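A short write-up of the structure that comes next.
A short reminder: the numbers here are calculations on the coordinates, not readings from a lab. Since we're looking at a predicted model, the values are computed, not measured. Backbone-built Cβ (ideal geometry, glycine too); neighbour counts: all protein chains shown.
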Amino acid sequence: MTLRRFEVTTLGTGAALPARGRFPTAQLVNVHEGLYLVDCGEGTQERLREQGINFLRIGRILISHLHGDHYLGLMGLISSMHLMGRTTPLHVHGPAPLKEIIDVQLRASSTWLRYPLHVHVTAPESGRVVFADERVTVTALALKHRIVCTGFVFTESPALRSLRRETLPLIPHFKRQAVKQGEDLVLPDGTRYPNIDLTLDPPPQRRYAYCSDTAYEPALAPFIQGVELLYHEATFTEQLRARATETMHSTAAQAARLALEASVGRLLLGHFSSRYKSADELLAEALPIFPNTLLSTEGATYLVDQRSIV
């Protein structure tokens, strides 16, 4: 059975300061060819161009919190979409002050967008639905940071059941969609065939969890339990754990501990402090705790797959 595309492209892995070839935080999530931008640090639109991504296809942008390295690229992207002639609606989800920030800048520049822009307030309440469409449902994670900060869990929409090859001659064409949706087959003569005899189970729904700036928060574990891929910030090593606690960030070891507690498939580390010339020491700290850990790398794409390693 062929799985539809579900993947995450990293556009920035830096914390606070762009340095050492790392850019501020941004990710592009592709679910069944629907594009969702998660955070939008400075220069995000340039990163999108470098990846050959038509950002007019982005339907929704999710902003975790209002520290500059996570949203200062947003107005540039909104403006570029306007200048490129976008006409389709754009939905932006973020903290309550975000609408005022956008409105002030549009008003100051006397800009009237060519397209409808809808700004939605996210509530940092774990498990609460942020939005749902035909491809995915996104729920919130209550992160633990110095200001209100929300993480996100992407859960793909359930696939239809597959018809068993040997039963195809039995099922009229006009009945096949209903059978795929789980209905029993009832023929004109009244004969009933249970759906289970005609179809195969669809693949399990895949999930991706995004934990941007946050201190170590065990309370998140039930809400990310068993996700195929977890992105978690790893700003510091354990050597600077006191600094992590002070700034309400995580160490690589703490990110790995949460991944272990939540039994996730893979852990993707990011949001690296500019003090580290190489993120390898952060990876080395996490691996003994959670061996299936990867470093997030600018421009790399990671599959949200069913427990296999890319």
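Nearest 5 percent is fine: what portion of the DSSP beta bridges confined to the chain is antiparallel? Please report the intermediate quantities before stating the final value.
Working: 34 of 60 bridges.
Once the DSSP bridges in the chain are tallied, antiparallel ones form about 55 percent.
Using 10 Å bins from zero, what percent of all Cα-Cα pairs in segment 159-259 falls into each bin?
14, 29, 13, 12, 15, 12, 4, 0
I'd like the distance between the alpha-carbon centres of segment 253-272 and segment 138-160, rounded to an integer number of Å.
When both Cα centres are located, 15 Å separates them.
Go through 41-49, 227-235, 272-280 and give me the packing order, highest mean Cβ count within 10 Å leading.
On the way: 41-49: 21.0, 227-235: 27.1, 272-280: 15.8.
Ranked from most to least packed, the peptides come out as 227-235, 41-49, 272-280.
Among 10-20, 186-196, how do they line up from the highest to the lowest mean number of other beta-carbon atoms within 10 Å? Intermediate values should be presented prior to the final figure.
On the way: 10-20: 21.0, 186-196: 10.1.
Ranked from most to least packed, the peptides come out as 10-20, 186-196.
From the residues Gln27, Ile78, Gly68, which one has its Cα farthest along the dipole of the chain in the positive direction, the dipole being from +1 and -1 charges on Cβ of Lys/Arg and Asp/Glu about the Cα centre?
About the Cα centre, the residue reaching furthest to the positive side is Ile78.
With charges set only on the Cβ (+1 for Lys and Arg, -1 for Asp and Glu), what does the dipole of the chain come to about its Cα centre, in debye to the nearest 20? Present the calculation step by step, with values, prior to reporting the outcome.
Details: 32 positive and 31 negative charges, 95 e Å.
Charge dipole of the chain: 460 debye, to the nearest 20.
I need the fraction of alpha carbon pairs in the chain separated by more than 38 Å, rounded to a whole percent.
Details: 10115 of 47895 pairs.
Here the tail beyond 38 Å accounts for 21 percent of pairs.
Using the alpha carbons of segment 91-187, what is the convex hull volume per residue in cubic angstrom, as a whole number? Walk me through the intermediate numbers first.
Working: hull volume 14.8 nm³, N = 97.
It is 152 Å³ per residue.
What value in Å³ per residue do you get for the convex hull of the alpha-carbon atoms in segment 245-310?
On the way: hull volume 6.6 nm³, N = 66.
Cα convex hull per residue, to the nearest whole number: 100 Å³.
Using helices alone, what [θ] at 222 nm do you get for the chain, with -39,500 (n - 2.57) per DSSP H run of 4 or more residues, divided over all residues and rounded to the nearest 500?
-5500 deg cm²/dmol
Show which aspartates and glutamates lie in cross-link reach of Lys180 when reach means a straight Cα distance below 14 angstrom and same-chain residues fewer than eight apart are skipped.
Here the aspartates and glutamates satisfying the reach criterion relative to Lys180 are Asp197, Asp201.
Which one of Pro188, Pro202, Ser157 has its Cα pushed farthest toward the positive end of the charge dipole of segment 132-208, where Lys and Arg give +1 and Asp and Glu give -1 at the Cβ?
Going by the Cα projections, it comes out as Ser157.
Please report the antiparallel percentage of the DSSP beta bridges confined to segment 14-66, to the nearest 5.
On the way: 7 of 11 bridges.
Bridges in segment 14-66 are about 65 percent antiparallel.
Within straight cross-link reach of Lys144, meaning Cα distance under 14 Å, which aspartates and glutamates are found once same-chain residues fewer than 8 apart are removed?
Partners within reach: Glu125, Asp213, Glu217, Glu233, Glu246.
Is there a quick way to get the dipole size of segment 85-236? I mean about its Cα centre, with the Cβ of Lys and Arg at +1 and of Asp and Glu at -1; what is the value in debye to the nearest 20? Display every interim value, and only then the final one.
Numbers: 17 positive and 16 negative charges, 75 e Å.
About 360 debye.
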